[in-house]
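Each remark here refers to the structure printed beneath this line.
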2 protein chains.
Amino acid sequence: MHKKITCILILFFVTLTYSQNKYTKYVKPIIGTQRMGHVYPGASVPFGMVQLSPDTDTIPYAVNGKYNPDVYKYCAGYQYDDKTIVGFSHTHFSGTGHSDLGDFLVMPTLGKLQLNPGTADKPLNGFRSAFSHSNEVAEAGYYKVKLDDDNIVAELTASNRVGFHQYTFPKSEEAHIILDLMSGIYNYQEKNVWTYVRVVNDTLITGYRQTNGWARTRTQYFAMSFSKPFIEYGAKNFEEKQVYKGFWRKFNQEKNFPEAAGKQIRMYFNFKTSENEKIKIKMALSSVSMDRALLNLSEIKHWDFEKAKNDAQNAWERELKKVEVEGDEDLKTNFYTAMYHSFLAPTTYMDLDGKYKGLDQNIHQAEDFTNYTTFSLWDTYRALHPLFNIIQPKKNNDMVHSMMKHYEQSPYKMLPIWSHYANDNWCMSGYHSVSLLSDAILKGNYTGDANKALEACIATANKRDYEGIGFYIDKGFIPSEKSGISVSNTLEYAYDDWAIAQLAKKLNRNDVYEQFLKRSENWKNNFDVATGFMRPKLADGSFKKEFDPLNTHGQGFIEGNSWNYTFFVPQNPNALVEAMGGKKVFTKKLDELFSMNLPDVFFADTEDITRDGIIGGYVHGNEPAHHVAYLYNWTDQPWKSQEIIRKTLKMQYKPTPDGLGGNDDCGQMSAWYIFSSLGFYPVAPGNNEYAIGSPTVQNATINLENGKSFQIKVNNGSDKNIYVKKMLLNKKPLTNFFINYEDIIKGGTLEFIMSNKHK
Amino acid sequence: MHKKITCILILFFVTLTYSQNKYTKYVKPIIGTQRMGHVYPGASVPFGMVQLSPDTDTIPYAVNGKYNPDVYKYCAGYQYDDKTIVGFSHTHFSGTGHSDLGDFLVMPTLGKLQLNPGTADKPLNGFRSAFSHSNEVAEAGYYKVKLDDDNIVAELTASNRVGFHQYTFPKSEEAHIILDLMSGIYNYQEKNVWTYVRVVNDTLITGYRQTNGWARTRTQYFAMSFSKPFIEYGAKNFEEKQVYKGFWRKFNQEKNFPEAAGKQIRMYFNFKTSENEKIKIKMALSSVSMDRALLNLSEIKHWDFEKAKNDAQNAWERELKKVEVEGDEDLKTNFYTAMYHSFLAPTTYMDLDGKYKGLDQNIHQAEDFTNYTTFSLWDTYRALHPLFNIIQPKKNNDMVHSMMKHYEQSPYKMLPIWSHYANDNWCMSGYHSVSLLSDAILKGNYTGDANKALEACIATANKRDYEGIGFYIDKGFIPSEKSGISVSNTLEYAYDDWAIAQLAKKLNRNDVYEQFLKRSENWKNNFDVATGFMRPKLADGSFKKEFDPLNTHGQGFIEGNSWNYTFFVPQNPNALVEAMGGKKVFTKKLDELFSMNLPDVFFADTEDITRDGIIGGYVHGNEPAHHVAYLYNWTDQPWKSQEIIRKTLKMQYKPTPDGLGGNDDCGQMSAWYIFSSLGFYPVAPGNNEYAIGSPTVQNATINLENGKSFQIKVNNGSDKNIYVKKMLLNKKPLTNFFINYEDIIKGGTLEFIMSNKHK
């Protein structure tokens, strides 16, 4: 009897382990860590508050007050080509093109205590360590590396709010854990506004770090628990100018003093270790207080690292299996790594009891929703949130709730532009929250008050003193004299206004509908019929004379040129086709975009872009034209979309460290991959239509939260058979290259019959 | 009927007004604002969180990182000799000799907006204003001044947590209220760690100021409400080096932008005013959050300034009438001003709902007590808290509770040394919390767990790594090589240890009693029989060779010299008499102290002391020898105490702006006055005995909280009749010059028969 149960248990365990690894095993977090991907290889759970990951360098954002362009490489703290690791910090953005975070860097060392990080060329001179990729393992929810300097093996995993470290030490009388409160991503000396640490007892410390960076006023609290008591500890304040030292000299505050406070502090904790002894650390975060961080620490109650790792990987498996794809190993690797990257942000921003810091810098209680932050909306409104509307509708609902709370708590009463950690950094153009709200509500995925959401959209779109909105409202365009990005703003506002109009229509607010539908045509004001390009206009209504549609600087566009932005009328491609002079002209223009040969000077002058991220003149490595490959569906040659999409999937997504052709941008780049490899894409969120591309999966099943499933069957697909010869939706032939949200969400089957020839 | 009621109401009102002013009218907050008193003339209620007062200058604590000794004048923000007022800020220490605070400076101006304060010699060049004392009124809970530059009348009053401003403007199209978040007392550029303001609507703003000064890590939150909507507003960041400006340029953040955040911010709010229009402001404080500051704002729900002022003055009257004295006008002025100064600190540190920030920087809920901060214990354990044990036992109980919470929440598990605003600044010597706890418990005024309190005392007294305690425990003295204030620390620790022993005895902890009683004799280790002075000892046990009992520098004493500290054995004057060689020698030594003529070089070399604060070589302007005048009671010539005390009362306390001979030190100097003018003094808190001096009141009634009263009758007292010829306690002659706590607290009468001759 006993034997039998054991057998069953073993069988069950094996099965479980097997099933757990069915999709998670394809996740390769190392993909995109080289060059421009800006993702991090460390441990996180889906939408987790903690992103515990190695930082290979922490070079300053500014030196002597001057921006240091090299910092850009370190948006995620890690660059694959680096040879050293400075330490393991707890917060990271995934794939951004500007940055912040990198809180609470932890590093194990041996021997003589070194409280400076040292330099990459001489790691032995500091606490950083050399490492090699051959000793590195990066999985979903798990990271492992051997730190060569001291022969310490570091392992990381995480729950939502807790980072779990496991360090395997050699035998040593002088083992240290460094806690660096100075370190950070996009750091500079003045960024650390304040840090504080309290040593509660010999296995527990609490504290916080308050910074002034991309998030202007951000405080991250922590509680840090050690599996083994430290023997002694200390703190050193590296601040050059400590004017007030007061009466604190009454204690020796550098050693075994249980409180440290200042702007530039590093701490150390000393141990004696036996051979292969594991010292484990759990660090919980909170946006509210040290007390709440302690509460959040209870998320992992044990010291079993393997169990924590399994829990993290099971959490990934649960999310990843929402789309089950068949295909070759590379495809599965790309697909599930893209799924992984799509589920890293937005991030949880709420304690276990629902408390969180709001935009008003007060503490709030989340009622019946999970509060999220890290909204890289200029990127993610395009495909990531539309993807969530299919495979993560409940979380997307929570995200909309979070954005509404942002609006309510915002001193300026606006929906988020680019928000993180109770701040808006207003990065990029447009007010794309409205697209996200509109799309979620129109798709039935918002449980809140839709009319309030509409009001929030209207208030945001009417914020006259923000980024040219007043001019846009009054003139229908933004004078080039008034804004360096006048055209992209006008184009994006126009799309956003269309999204507002769609929501208004649904809510029977015809006045709003009419008003915003009219505004959504403002793109026409920047369209120069003579050249066929979107072009900046001066206040007097004339087009700006000096104009180069290839140039990305000073032409009225943000992170793009007119060639890419001219196609930005996702809300009404037919009108754009017409404005350009009909389908033929439009087709020719698209052909030119995708086939031109850019001069080298273009790359030298243009940030964020390399030849890897380019197909002709089309920049896939950045977002503004992400929908453009699908626009052939509005011409007579939809097969060209299929060609370009397959080309893009192949060129821009590879299962290698340099596999991402541009910043992953909090999952947008990956969401494009997921949609496109499944064969369709949301050209205009807010619309229920998806344009068809060319699937690369062999077959796929989307397991919907409503219990239904949508199956994608691909017949005769291959690297050569890239053209869609025929499509059957629930066995009925499709007459055009579009499917609807309802087709998917009610479950069913979409069958592609592929061919190596377009008709 | 109606008429009759009106009449009664009027009568009632007149009576009430009259009775309200019975004692409060004698309070002259201007006393001590000149030179060394370091008190502030502005508005506060007893033990109030808010001290709303004019700052006549805010010169920096340090210039280019170097301490600026002139800042010392501005410990309370106000110096009587100054000709200009910079503005009105909300937090001030009363009478300290080091400083902090000065939060949220508000200033009304007219005409062209000036966001710099200007200089004292050219007030028109900035927002500060000239003023004159002829246009100034300072009362308990009320302050008024005409600001000459713009002819604006400023009036201030306060409740516990709310500062109430009333500004009477001329007619103007350009009236401004400036809110200066940079300004502060003992300020320096790096002190402002962060400030934040949110404009909630056109009559309400919230925010906070976070500083790194005497309190290392302090955050003060506020909510500020205007009686009239501002037309427009703005903020300017004066930070020289703003490295990260990010994407915030998307708004014009200097004007009408509802959020300001940075390190050096001033704001303005614009109005149009009619002739004599009053603009009122209520600013509430909180240690917890902006939300709680809003909650605290509800403490004053109306906009009736007169009512708020009356409420504040009634609050004072309630406290002041706890001691009703008869005497001439000057005596009453001195007495009630001393009472007023005695009730300004400790200050309330708790929101309306009982929430407060603890030493651990977490938010706590006060259960069944009021949490206080601002514990200037080296000063106030001597006479202020002993006074509270008689006339404010409930509040003293709350103060002990607050100190116990400090202990529990302290990372270093010590009772407070000098604590304010959730920080300990460890200023001065000794660990005098233990005296306060012992005295309160022995007198039956602590409702908490006395055994826990004893544990806290023991833990504090055994903190080996604090200020030489380890040496003190091991050797019985602190080697001069190890501490610059080795002797005063040993003397004070010895007294404190005696206080611990008394508490232990009461709690039947004989082991503790024996141990600490033994420690309380450690003063003997620093007593040099050969010279008759307390003298620093070297580690080898020999006395330090170079030794000057007059010098206040480098001799082993803090803020004093050996002449003053040699008499610091309050716990056992008889033993000191004996050690010195008997009563004759001791008397002679006291005589010498009180009659010597100090050379001018003494004053030039000694901080905190002027000839005004000196009687012979006795320094009354500082605390270490406050009990010494009473020590003749341990000789055969008690009448000499009476002489010296009368001399001190007359010389050191005058009803004039320069009337205080030294820092009032959070009420200690005033508490000395109150005791001494009533005729007795607590030489050794922890003892139930008071030594007799020479009363200056004609008669007095102490109205005790237990409903009883203790009457002091003075027969034949006058400026000449300073000697106590006879005393009757409840009609029975006293046989010595001591009375007990029990004598007072059970109610009764103490009758002095005075004479112009000592027997």
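List of remarks:
- Listed residues A:251, A:164, A:268: farthest to the positive end of the dipole of chain A (Cβ charges): A:164
- Using Cβ point charges alone (K and R +1, D and E -1), the dipole size of the range A:321-755 about the Cα centre works out to roughly 1280 debye.
- Ascending list, in nanometres, of distances separating the residue B:231 label from those of the other copies (7 Å, Cα toward Cβ): 7.2
- Contact order normalised by residue count of chain B, Cα under 8 Å, 6+ apart, percent: 12
- A simple charge model with +1 on the Cβ of Lys and Arg, -1 on the Cβ of Asp and Glu and nothing else charged puts the dipole of chain B at about 1140 debye relative to its Cα centre.
- Counting only lysines at least 8 places from residue B:545 when in the same chain, those with an alpha carbon closer than 17 Å to its own are B:482, B:537.
- For the residue pairs A:322/A:650; A:146/A:171; A:28/A:309; A:241/B:236; A:146/A:309; B:28/B:309, the C-alpha atoms sit more than 20 angstrom apart in A:322/A:650; A:241/B:236.
- Cα-based helix-to-principal-axis angle, B:305-320 vs chain B, degrees rounded to 10: 10
- Charge dipole of the protein assembly as shown about the Cα centre (unit charges at C-beta), most positive-ward option of A:550, A:538, B:177: B:177
- Of all chain B residues, the one whose Cβ lies closest to the rotation axis that maps B onto A, given with that distance rounded to whole Å, is B:193, 3.
- Interface burial for B against A (accessible surface, 1.4 Å probe, total of both chains, Å², rounded to 100): 5200
- Protein-protein interface of the range B:347-391, residues with accessible area decrease of at least 30 Å², isolated chain reference, 1.4 Å probe: B:360, B:361, B:362
- Rough spin-label spacing in nm, given labels placed 7 Å along Cα→Cβ, for residue B:275 and residue B:70: 4.2
- Solvent-accessible area per residue, Å², over chain B with all protein chains present [probe radius 1.4 Å]: 34
- Computed over protein heavy atoms with a 1.4 Å probe, the carbon and sulfur contribution to the accessible area of the protein assembly as shown reaches 50%.
- Projecting the Cα positions of B:709, B:436, B:572 onto the charge dipole of chain B (unit charges on Cβ atoms of Lys, Arg, Asp and Glu, taken about the Cα centre) puts B:709 furthest along the positive direction.
- Acute angle (nearest 10 degrees) that the helix B:450-461 long axis makes with the longest principal axis of chain B, alpha-carbon atoms: 90
- Cross-link pairs exceeding 22 Å between alpha carbons, from the set A:463/A:518; A:506/A:746; A:452/A:708; A:647/A:720; A:245/B:191; A:584/A:732: A:452/A:708; A:584/A:732.
- Exam field: residue A:203 pseudo-label spacings to other copies (7 Å along Cα-Cβ), nanometres: 5.6
- Three-way shape call for the range B:216-313 based on the alpha-carbon gyration tensor, with the a/c threshold at 1.5: oblate
- Lys, Arg +1 and Asp, Glu -1 on Cβ, resulting dipole of the protein assembly as shown about Cα centre, debye, nearest 20: 2000
- Straight Cα distances below 17 angstrom link residue A:589 to the aspartates and glutamates A:528, A:548, A:578, A:636, A:643, with same-chain residues fewer than 8 positions distant left out.
- Extension gain for residue B:173 to residue B:256 (0.36 nm times residue separation, less C-alpha to C-alpha distance): 28.1 nm.
- Rounded to the nearest 10 degrees, the angle from helix A:2-24 to the longest Cα principal axis of chain A is 50 degrees.
- 7 Å along Cα→Cβ, label-point gaps from residue A:447 to other copies, nm, shortest first: 4.5
- Members of the range B:191-216 that become less accessible by 20 Å² or more once partner protein chains are added (1.4 angstrom probe, chain alone as reference): B:193, B:194, B:196, B:198, B:208, B:210, B:212, B:213, B:214, B:216
The values are calculated or read from the model by the stated rules, or taken from the named source; none is laboratory data. In this text, all values refer to a predicted model and were calculated from it rather than measured experimentally. Glycine also receives a Cβ, built like all others from the backbone with ideal geometry; neighbour counts cover every protein chain displayed. We work out accessible area using only protein heavy atoms, side chains counted, and drop any ligands, DNA or RNA first. Shrake-Rupley method; radii C 1.70, N 1.55, O 1.52, S 1.80 Å.
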